[in-house]
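Participant: Below is one structure. I have some questions about it.
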Amino acid sequence: MNNDWPLWEVFVRAKHGLSHKHAGSVHAADARMALESARDTYTRRMEGVSLWVVPSAQIVASDPGEAAALFEPAADKVYRHPTFYVIPEHVKNI
Amino acid sequence: MYTTELEDKNKKPAPREVLVAEDPAKLVAFEARVAADEFIEPKDWMPAAYRKTLVRQMSQHAHSEIVGMLPEGNWITRAPSLRRKAVLLAKVQDEGGHGLYLYAAAETLGTSREEMIEALHSGRAKYSTIFNYPTLTWADIGAIGWLVDGAAILNQVPLQRTSYGPYARAMVKICKEESFHQRQGFEIMTVLAGGSPEQRRMAQDALDRWWWPSLMMFGPPDDNSPNTAQSIRWRIKRETNDELRQKFVDVTVPQADAIGLKVPDPKLAWNEARGSYDFGPVDWEEFYAVVRGEGLVAKDRMKARVAAWEDGAWVREAATAHAAKHVVKAAAE
């Protein structure tokens, strides 16, 4: 049984200059209502200056079962970080 | 507050439910992750019993937030000043918001909003026993904020580190918002306790009536709370009922002293050796009676809740029709 309104994911921009961040979700009949509910539910204390709502069904997520294949190859590539390289101590501004 | 075992203690336990054959390798890996304080996310593998316990705990918690709006909502129009009215309105709106965060978090485990609401309205689902006590005077609104939200905070703070990610994140938001709830209640009590003899009596009377039900909010004693050990091992709960209850007594008694109110427990005494207060026995028969649905206003609460849902049906229908009309219109363009 599920006659619920569609689920929407809510993203809030906390202030200008920052990206939108996932805050939670709301059920709503349409986009306008999703925005209004998101506003009442997630920004009662000036948490944001902008909202995105996205139908949850439209989000494509990676499979936790593939997490190792996706993310572990980065673990042995420490040469991608600046601290990997040895620079003589008297050399500055690098 | 809402993390306690609210099942009827006379109900037959169903140990087989817990023994669903799980893949042993997956179970070991899961237990290790949880033991290492890692968070579990919706799409991760989890034992069926973990999922089930969480759905029950989170939906009970959500229902408690929603039902919790009723005793306070009753007082919005009777709040003694515009300031108190605005504050109470904001608090009640927060409780609604908290219910929504928690319903949404529970839905990530595969239960639907509709199922949860149906379970509440049909009486199958439990909610905190505290809301089945009546709010007789304005001082009760003070006592609820101070004691009931105070107890909720103690219960909820450790849940910010509960092992299920969506639940933990909901708790972080809730805890951030809850602190004003307690402080506005204590402020009401402070003003009444420092007022006329009648106001003082009203404050004391509210404390007298809400003290013991508040202690019951932490749930049955540890030796009668069979699922606690499992829940603690899985990091669904982080502290036992008795530990939290003791903490509540220890922080609340000095607050009562500070405004000249007396905690209604003749056995209450500071125990120097333990560094804690000793307190008298809780009437657990009363607690179990309220869990069974025998609370003074249990029927009124559900009647009000169901009426609110049914009275809003036309709004939901209209919104659905409006959305459908625009889908058709957009397709035609």
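The values are calculated or read from the model by the stated rules, or taken from the named source; none is laboratory data. Being a predicted model, the structure only gives us computed values, none of them experimental. Note that we place each Cβ from the backbone using ideal geometry, even for glycine, and neighbour counts take in every protein chain shown. These accessible areas exclude ligands, DNA and RNA; they are computed on the full protein's heavy atoms, side chains included. Shrake-Rupley method; radii C 1.70, N 1.55, O 1.52, S 1.80 Å.
Participant: What's the carbon and sulfur percent of chain B's accessible surface, probe 1.4 angstrom, rounded to a whole number?
Facilitator: Details: 9180 of 15410 Å².
Answer for chain B is 60 percent, counting heavy atoms of protein chains only.
Participant: I've got another one for you. Do any residues of region A:1-36 show a loss of at least 50 square angstrom of accessible area between the isolated chain and the full protein assembly, using a 1.4 Å probe, and if so which?
Facilitator: A:Met1, A:Asp4, A:Trp5, A:His27
Participant: Next up: Give the long-range amide H neighbours of A:Gly48: residues separated by 5 or more places, or on another chain, with amide H under 5 Å away, using H modelled in the peptide plane at 1.01 Å from N.
Facilitator: The answer is none.
Participant: How many nm is it between the label spots at B:Asp23 and B:Val251, if each spot is 7 Å from the Cα in line with the beta carbon?
Facilitator: 4.2
Participant: Please list, or write none, the aspartates and glutamates whose alpha carbon is within less than 13 Å of the alpha carbon of B:Lys126, excluding same-chain residues fewer than 8 places away.
Facilitator: B:Glu5, B:Glu7, B:Asp8, B:Glu65, B:Glu118, B:Glu294
Participant: Kirkwood hydrodynamic radius of region B:73-188 from all distinct Cα pairs, in Å?
Facilitator: Working: mean 1/r = 0.0650 Å⁻¹.
About 15.4 Å, per the Kirkwood formula over Cα pairs.
Participant: With all protein chains present and a 1.4 Å probe, how do B:Trp211, B:Trp284, B:Trp270 order by accessible area, largest first? Before the final figure, lay out the partial values.
Facilitator: Working: B:Trp211 0, B:Trp284 45, B:Trp270 125 Å².
The ordering from most to least exposed comes out as B:Trp270, B:Trp284, B:Trp211.
Participant: Give the Cα extents of the protein assembly as shown along the principal axes, in whole Å, largest first.
Facilitator: Result, largest extent first: 73, 64, 59 Å.
Participant: Applying the Karplus parametrisation 6.51 cos²θ - 1.76 cosθ + 1.60 with θ = phi - 60° to the phi angles of region B:49-57, what ³J(HN,Hα) value in whole Hz is obtained for each residue in order, glycine and proline being reported as x?
Facilitator: So the Karplus estimates, Gly and Pro as x, are 5, 5, 4, 5, 4, 5, 4, 5, 5 Hz.
Participant: Same structure again: Please compare each pair in B:Lys85/B:Lys325; B:Lys52/B:Lys325; B:Lys173/B:Lys267; B:Lys91/B:Lys262; B:Lys43/B:Lys299; B:Lys26/B:Lys237 to a cut-off of 30 Å on the Cα-Cα distance and tell me which ones are over it. Numbers along the way, then the final one.
Facilitator: Working: B:Lys85/B:Lys325 39 Å; B:Lys52/B:Lys325 38 Å; B:Lys173/B:Lys267 37 Å; B:Lys91/B:Lys262 26 Å; B:Lys43/B:Lys299 38 Å; B:Lys26/B:Lys237 22 Å.
From the list (B:Lys85/B:Lys325; B:Lys52/B:Lys325; B:Lys173/B:Lys267; B:Lys91/B:Lys262; B:Lys43/B:Lys299; B:Lys26/B:Lys237), the Cα-Cα distance tops 30 Å for B:Lys85/B:Lys325; B:Lys52/B:Lys325; B:Lys173/B:Lys267; B:Lys43/B:Lys299.
Participant: Additional query: Tell me the label-point distance for the pair B:Ser179, B:His121, using the 7 Å Cα-to-Cβ offset, in nm and rounded to one decimal.
Facilitator: Spacing of the two 7 Å Cα→Cβ label points: 3.8 nm.
Participant: Also: Treating only the Cβ atoms of Lys and Arg (+1) and Asp and Glu (-1) as charged, compute the dipole magnitude of region B:19-60 about its Cα centre; round to the nearest 20 debye. Don't jump to the answer; show the numbers that get you there.
Facilitator: Working: 6 positive and 7 negative charges, 49 e Å.
Dipole of region B:19-60, to the nearest 20 debye: 240 debye.
Participant: For A:Ser25, list long-range residues whose amide hydrogen, built 1.01 Å from N in the peptide plane, is under 5 Å from its own amide hydrogen.
Facilitator: A:Val10
Participant: Could you sort B:Tyr277, A:Tyr42 by accessible area so the largest value comes first, with the probe set to 1.4 Å?
Facilitator: Numbers: B:Tyr277 35, A:Tyr42 10 Å².
Per-residue accessible area, sorted high to low, gives B:Tyr277, A:Tyr42.
Participant: Output the 0 to 90 degree angle, nearest 10, between the alpha-carbon long axis of helix A:31-42 and the longest principal axis computed from the alpha carbons of chain A.
Facilitator: Computed tilt is about 70 degrees.
Participant: Taking the square root of 5 times each eigenvalue of the Cα gyration tensor, what semi-axes in Å does the equivalent ellipsoid of chain B have, largest first?
Facilitator: Values: eigenvalues 226, 164, 63 Å².
Gyration-tensor ellipsoid for chain B: 34, 29, 18 Å.
Participant: Output ³J(HN,Hα) for region B:30-39: one whole-Hz value per residue in order, computed from phi by the Karplus curve 6.51 cos²θ - 1.76 cosθ + 1.60 with θ = phi - 60°, and x for Gly and Pro.
Facilitator: 5, 4, 5, 4, 5, 5, 8, 6, 7, 8
Participant: What's the extension gain from A:Val49 to A:Asp76 if we count 0.36 nm per residue and subtract their Cα-Cα distance?
Facilitator: Contour length minus Cα-Cα distance gives 5.8 nm.
Participant: Can you grab the distance from the C-alpha centre of region A:14-65 to the C-alpha centre of region B:43-114, Å, no decimals?
Facilitator: After rounding, the separation between the Cα centres reads 19 Å.
Participant: What are the ³J(HN,Hα) couplings of region B:66-75, residue after residue, when phi is run through the Karplus curve with 6.51, -1.76, 1.60 and θ = phi - 60°? Round to Hz, x for glycine and proline.
Facilitator: Going residue by residue, I get 5, 5, x, 6, 5, x, 7, x, 4, 9 Hz, with x marking Gly and Pro.
Participant: In addition: Tell me, what is the 1.4 Å probe accessible area of B:Glu272, in Å² to the nearest 10?
Facilitator: Here the residue's solvent-accessible area equals roughly 140 Å².
Participant: Restricting the count to DSSP beta bridges whose residues both fall in the protein assembly as shown, what percent are antiparallel, rounded to a multiple of 5?
Facilitator: Values: 16 of 17 bridges.
Roughly 95 percent of the DSSP beta bridges within the protein assembly as shown come out antiparallel.
Participant: Got the relative contact order for region A:7-84 handy, in percent, Cα pairs under 8 Å and 6 or more residues apart?
Facilitator: Values: 92 pairs, mean separation 25.0, N = 78.
For region A:7-84, the relative contact order is 32 percent.
Participant: Then there is this: Would you calculate the separation in nanometres between label points at B:His322 and B:Ala49, each defined as 7 Å from the Cα along the Cα-to-beta-carbon direction?
Facilitator: 4.8
Participant: log₁₀ I(q)/I(0) of region A:7-84 at q = 0.25 Å⁻¹, via Debye over equal Cα point scatterers, no solvent, to two decimals?
Facilitator: -1.05
Participant: Let me ask something additional. Could you please state how large a percent of the accessible area of chain A is carbon and sulfur, counting protein chains only and using a 1.4 Å probe?
Facilitator: Heavy-atom surface of chain A belonging to carbon and sulfur, 1.4 Å probe: 58 percent.
Participant: What are the residues whose amide H is under 5 Å from the amide H of B:Ser163, where those residues sit 5 or more places off or on another chain and H is modelled from the backbone?
Facilitator: Long-range HN contacts for B:Ser163: B:Ile236.
Participant: Now a separate question. From Cα pairs below 8 angstrom and at least 6 apart in sequence, can you work out the relative contact order of region B:105-197, rounded to a whole percent? Provide the component values of the computation, followed by the final result.
Facilitator: On the way: 62 pairs, mean separation 30.8, N = 93.
Taking the mean separation of contacting Cα pairs over the length of region B:105-197, I get 33 percent.
Participant: So, taking all protein chains as they sit and a 1.4 Å probe, how much accessible area belongs to B:Arg305, in Å² rounded to tens?
Facilitator: B:Arg305 has an accessible surface of roughly 40 Å² with all protein chains in place.
Participant: What percent do you get for the relative contact order of chain B when only Cα pairs under 8 Å and 6+ apart count? Provide the component values of the computation, followed by the final result.
Facilitator: Working: 391 pairs, mean separation 73.2, N = 333.
Relative contact order, chain B: 22 percent.
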